[in-house]
Amino acid sequence: MRSRTCIVFFLLFVSAAFAQTVNKPSTTSPSAEKQRVLWQKLEATIHEVDQHLDGVMGVAIEDLKTGDNYLLHENEVFAQASSIKIAVLADLYLQAQQGKLKLTDLYTVQASDLVPDSDIMGGLTPGVTRITLRDLATMMVAVSDNSATNVLIDRLGMENVNAMLDSLGLAHTRLR
């Protein structure tokens, strides 16, 4: 059975070469025609990669100058995996900014915090080692430590992270 790997590409596309939309050839200038051809080549390349990929790929491209966009599998649900840690980090800093916590707040590592493959947290002494929330965030992002992530999620509150995502207009991105 094919392994199902989820790959999500979010591309912001800023280029003078793509200043006009593929669907808006309102002028027949050589410049507009060239831009239309470039968009077609880009789409063909993306479809070629998608056809030969052993997994699922989502693509979102937006020309920030014109607002034109290209979407592939835009309604597909993708597992966030470790990329959700960015949302956890953002909410940590938001809550610190709001005065709900301090990055220097100390946390005592517990044996119940430790999950497999947490190389750094797994090397700490439960009940003894005290680390800051900033240290947990560093472990979460720098080495993708899942134990550190889980501690931060417990500290921040999953509902708070999701509320922060909602406030950013990311209602379909969820921490679960």
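The values are calculated or read from the model by the stated rules, or taken from the named source; none is laboratory data. Remember, it's a predicted structure, so these values are computed and weren't measured experimentally. Cβ atoms come from the backbone with ideal geometry, glycine included; neighbour counts cover every protein chain shown. These accessible areas exclude ligands, DNA and RNA; they are computed on the full protein's heavy atoms, side chains included. Shrake-Rupley method; radii C 1.70, N 1.55, O 1.52, S 1.80 Å.
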Checklist outcome for this item: Once all protein chains are kept in place, D91 shows an accessible area at probe 1.4 Å, nearest 10 Å², of 0 Å²
Next on the checklist: Test of understanding: what is the full-extension gain from F78 to H52, defined as 0.36 nm times their sequence separation minus their Cα-Cα distance?
Outcome noted: 7.5 nm
Checklist outcome for this item: If the chain between S31 and I120 were fully extended at 0.36 nm per residue, the gain over the current Cα-Cα distance would be 26.6 nm
Checklist entry - For the range 137-176, what is the accessible area per residue in Å², given a 1.4 Å probe and the full set of protein chains? => result 54 Å²
Checklist entry - Which whole-number value in Å² is the accessible area per residue of the range 52-120, probe 1.4 Å? => result 60 Å²
Checklist entry - What is the spin-label model distance, in nm, from K102 to S167 if the labels are put 7 Å beyond Cα along the C-beta direction? => result 2.2 nm
Item to check | Carbon/sulfur fraction of accessible area - the range 101-174, other protein chains in place, 1.4 Å, % | outcome: 53 percent
